[in-house]
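The values are calculated or read from the model by the stated rules, or taken from the named source; none is laboratory data. Given the structure is predicted, the values throughout are model-derived calculations rather than measurements. A quick note on method: Cβ atoms are made from the backbone with ideal geometry, for glycine too, and the neighbour counts reach across all protein chains shown.
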Amino acid sequence: MISRQEALNLINKYIRKKENIGISLAVEAVLRTLAKRFGEDEDLWGLTGLLHNIDYEYTVEEQQKRGILSAQILDGLLPEEGINAIKANNYFNTDYLPETSLDKALISAEAATCLIVATLKASYTKNIDDIDVKLLFENFKDTSFAPSCNRNRIKLCNDIEIVVEDFLGLGLNAIQKIQNSLKNELF
């Protein structure tokens with residue numbers, strides 16, 4: 001398995017938009033927190049989150065290739081479990097259905113990160129410390145808020161035995177812990 005530094009080098013090679021890099025770093029933080037909670041391999045889960053969108057900017061017009069291209073790029077660099085989770089993250093456009101806890105955690109984490117970032121961008125202060133779980137959950141329930149953040153993908157957290165409100169709190173806390181490294185990407 002590649003190191004985190006090697007993964008960051010790949011991110012910088014394949015992802016140009018700072019916001020997309022920030023999302024990748026945020027999803028990594030959420031997955032590392034989940035791995036720790038479940039006693040899973042934090043590096044595998046974290047790197048899967050970090051690398052999950054490595055092909056995003058190349059597949060915007062061809063969604064059916066998203067995840068498949070990542071798998072080709074990451075072949076031999078990330079264990080099969082991580083590559084399969086990345087492919088399953090685009091299950092609605094591919095034949096890779098989410099089966100494992102990592103698959104479901106990645107899908108939920110990416111969608112929750114979308115909601116957290118949208119909430120942050122809509123906030124007056126643009127300070128992630130001013131965001132709380134109550135506000136996130138209200139925004140989750142308000143489907144007119146950030147409609148591109150798929151609530152059903154967030155709800156997949158129920159399959160890994162975490163209720164939505166707790167999952168949003170876990171995600172928020174994970175991202176708050178790395179906010180200094182995200183200053184240039186998200187805030």
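Couple of notes before you dig in:
- Filtering segment 20-43 to residues that are assigned to a helix (DSSP H, G or I) and either out of contact with any helix residue (DSSP H, G or I) (no Cβ under 8 Å at 6 or more places or on another chain) or surrounded by fewer than 19 Cβ atoms within 10 Å (Cβ to Cβ) (or both) leaves Asn20, Lys36, Arg37, Phe38, Glu42, Asp43.
- Those helices (runs of 4 or more DSSP H) lying entirely in segment 58-130 with at least 1 residues out of contact with any helix residue (DSSP H, G or I) (no Cβ under 6 Å at 6 or more places or on another chain) and among the small types (Gly, Ala, Ser): 101-122
- The set of residues from segment 97-152 being loosely packed, with under 14 Cβ neighbours inside 10 Å, farther than 19 Å from Lys87 by Cβ and among the hydrophobic types (A, V, I, L, M, F, W, C) comprises just one member, Ala122.
Residue-by-condition table, conditions (1) of a type in the set (D, E, K, R); (2) at pLDDT 95 or above:
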{"position": "Ala35", "(1), (2)": "no, yes"}
{"position": "Gly39", "(1), (2)": "no, yes"}
{"position": "Trp45", "(1), (2)": "no, yes"}
{"position": "His52", "(1), (2)": "no, yes"}
{"position": "Lys65", "(1), (2)": "yes, no"}
{"position": "Pro79", "(1), (2)": "no, yes"}
{"position": "Asn93", "(1), (2)": "no, no"}
{"position": "Thr100", "(1), (2)": "no, yes"}
{"position": "Ala105", "(1), (2)": "no, yes"}
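- Within segment 60-100, the set of residues being at positive phi and more than 16 Å from the chain's Cα centre (by Cα) comprises just one member, Gly76.
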